[in-house]
Amino acid sequence: MKTHSEETENSLQHDDWFDPEEYDNETPSSGEENQLYEYSRFVADKNQSFLRIDKYLMDRLMNTSRNRIQSAADANCILVNGKAVKSSYRVKPMDVVTIMMSHPRYEVEIIPENIPLDIVYEDNELLVVNKPAGLVVHPGHGNYHGTLVNGLAYYLKDDSHYDPADPRLGLVHRIDKDTSGLLVIAKRPETKTNLGLQFFNKTTQRKYVALVWGIPKEKEGRIEGNIGRDPRDRMKMMVFPDGEQGKTAITHYRIMEKLGYVSFVECRLETGRTHQIRAHMKHIGHPIFNDDRYGGNILLKGLPSSNYKQFIHNCFEICPRQALHAKTLGFKHPVTGKEIFFDSDIPDDMEQLIEKWRSYYRSEK
C-alpha cells in the first residue's frame, strides 16, 4: 500500500473525491492492480471528544456530503490507525484518520512566476515574507497561478535544494488571501519539521491587528471555542462552544484604540485554526470590518443616516477587504536556536481606514 502524500492535514477541494461506483464492498487488496493512495490524513487532538467519524470528517473536508463520506467508509476507504472503519466509528484522542483512494490525488503543477515578493529575512534555512492582501498563498481550486508559492518557485529557482512540489518544503503556515502579513517558508525539510513542531507546540509568537465592529465590553479578553466548518456553508468556519465538533481554538484580544463604532484591536493566537480570528470575533459579536464572509461588510453599528452610510461606503472602498494584518512573528531559529522576531508595518489601506475613523471619531465628540 503506497501513500501519495505525507501531509499530516489537508482539505479536499472537490465534491467528487469519492465515486461509489469505483468500489465494491470488499476490502481492496494490496496488489499493484488495487494499489491505494493516501488522499488525506488527520490527527485527532489530544482532547478530542468521542465523535462519529462521518461527523468528524464533515468538519474537515470541503464541499462534500455526509452520504459520500459514509459511502467511502462502506468501501473501506477510511482508515483509523491503519485499519478500515465504518461511519459509526467514534474518533478518539490522537487517532490517525486517513482517506485512501484507488487513484492518486490530482496534483497542481507549480509553475515558477516572477511575482514581486517582500522578503524581510532570508538565510540558508528559511525566509520570511510580508504578504500583501489579495495574494493567494497556494495553488488550489480556482487559483492555479499567481500565488505566493508560484512566486517562491521563481525566486528560489536557482536553489538546488528547493523543490516547490515537495511537501516537506515551503509554507509552514498560511494566511487568507485578503489578510496581509508575515509568513515563514522553509527551504529545507528539517527546517519545516522543526518549525512545524514549534507551531504545533504553541511556542511561536504571532500577533495580528484588526479593525472590528463595535467596542468589546472588556479591554482584554480570551476567546475559546472549537472551530470547524459551518455545515450550512462549507466555505465558512463557525464556533462550536460545546466542544463536540471542530478543533480547540484560543484567541487573546486587546483593545488598542476605541474609535466610536469600531475598535482597533490586537489579537494573539494561541492556536492556529482556519479563519480563527475572523470566526472568533464574529462569535463574540465584533466581526472584522469589511469581512464579507463573516458579515462585516455591512453597516453594523451607528445610526443609518445618509451621511453616515456614505462614510461607511467610503471606508469600504478605502480598504476593500477584511481589515486584518498578521503584524508580528517570532520563533526559535531551527539551526541556531536563537529567538528571532519580526514586525511588519500596517499596510496603507488599513492605515488610511484607521485614520479615517479617527477623524470621524474626533469630529463626533
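The values are calculated or read from the model by the stated rules, or taken from the named source; none is laboratory data. Everything numeric here is computed off the predicted structure, so don't read it as measured data. FYI the Cβ positions are ideal-geometry reconstructions off the backbone, even for glycines, and counts take in every protein chain you see. Each accessible area value is taken on the protein alone, full model and side chains, heavy atoms only, with ligands, DNA and RNA left out. Shrake-Rupley method; radii C 1.70, N 1.55, O 1.52, S 1.80 Å.
Could you check, for the range 148-159, whether at least one of its residues is within 18 Å of the chain's Cα centre (by Cα) and in contact (Cβ under 8 Å) with a residue 12 or more places away in the chain? Write out each step before concluding.
Restricting attention to the range 148-159, the residues satisfying the condition of being within 18 Å of the chain's Cα centre (by Cα) are 148-149.
Filter once more, so that each one left must be in contact (Cβ under 8 Å) with a residue 12 or more places away in the chain: 148-149.
Yes - at least one qualifying residue is present in the range 148-159.
Count of the range 203-247 residues, restricted to those that are more than 27 Å from Y261 (Cβ to Cβ), in contact with a Leu (Cβ under 8 Å, 6 or more places away or on another chain) and at pLDDT 90 or above, is 3. Scanning the range 52-67 for residues that are over 16 Å from Q245 (Cα atoms) and surrounded by 19 or more Cβ atoms within 10 Å (Cβ to Cβ) gives a single hit, T64. Within the range 234-254, residues that are within 16 Å of G221 (Cα to Cα) sit with their Cβ atoms under 7 Å from residues that are small (G, A, S) and assigned to a strand (DSSP E or B), at 6+ positions apart or across chains, in these pairs: Y253/G221. Is there a residue in the range 200-218 that is within 27 Å of I53 (Cβ to Cβ), surrounded by 15 or more Cβ atoms within 10 Å (Cβ to Cβ), touching a residue at least 12 places away in the same chain (Cβ under 8 Å) and of a type outside the set (S, T, Y)? The answer is no, given that none of the residues of the range 200-218 is within 27 Å of I53 (Cβ to Cβ), surrounded by 15 or more Cβ atoms within 10 Å (Cβ to Cβ), touching a residue at least 12 places away in the same chain (Cβ under 8 Å) and of a type outside the set (S, T, Y). Quickly run through the range 68-100 and pick out the residues that are over 17 Å from R41 (Cβ atoms) and either in a strand (DSSP E or B) or within 27 Å of the chain's Cα centre (by Cα) (or both). Matches in the range 68-100: R68, Q70, S87, R90.
Contact map, the range 101-119: first residue under 21 Å from L182 (Cβ atoms), second residue at pLDDT 65 or above and among the small types (G, A, S), Cβ cut-off under 9 Å, separation 6 or more or different chains; pairs are I115/G146; I115/G151; P116/G151; L117/G151; D118/S344.
Report yes if some residue within the range 279-288 is surrounded by fewer than 17 Cβ atoms within 10 Å (Cβ to Cβ) and among the aliphatic types (A, V, I, L, M); otherwise report no. No.
Can you find, within the range 300-336, the residue that is surrounded by the fewest Cβ atoms within 10 Å (Cβ to Cβ) among those that are aromatic (F, W, Y) and in contact (Cβ under 8 Å) with a residue 40 or more places away in the chain?
My answer is F311.
So that you can scan it fast, the table gives a plain yes or no per residue for (1) under 27 Å from R174 (Cα atoms); (2) at pLDDT below 85; (3) under 28 Å from the mean Cα position of the chain (by Cα):
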residue: N10; (1), (2), (3): yes, yes, yes
residue: Q13; (1), (2), (3): yes, yes, yes
residue: N25; (1), (2), (3): no, yes, no
residue: R41; (1), (2), (3): yes, no, yes
residue: F50; (1), (2), (3): no, no, yes
residue: Y56; (1), (2), (3): yes, no, yes
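For the range 138-145, state whether one or more residues are among the polar types (S, T, N, Q), out of contact with any Ser or Thr (no Cβ under 9 Å at 6 or more places or on another chain) and buried (at least 17 other Cβ atoms within 10 Å of the Cβ). No: zero hits.
Quick check, is K46 open to solvent by 20 Å² or more (accessible area, probe 1.4 Å) and modelled with pLDDT of 90 or more?
On the way: open to solvent by 20 Å² or more (accessible area, probe 1.4 Å): yes; modelled with pLDDT of 90 or more: no.
For K46, the condition - open to solvent by 20 Å² or more (accessible area, probe 1.4 Å) and modelled with pLDDT of 90 or more - is not met.
Could you list all residues from the range 244-264 that are open to solvent by less than 20 Å² (accessible area, probe 1.4 Å), closer than 30 Å to M94 by Cβ and not β-branched (V, I, T)? Correct list: G246, A249. Out of the residues in the range 219-243 that are touching a Gly at 6+ places or on another chain (Cβ under 6 Å) and farther than 12 Å from M58 by Cα, which is surrounded by the most Cβ atoms within 10 Å (Cβ to Cβ)? By that ranking, first place goes to I227. As a summary of the residue check, K282 satisfies the conditions (1) within 21 Å of the chain's Cα centre (by Cα); (2) under 12 Å from L324 (Cα atoms) except for the one numbered (2).
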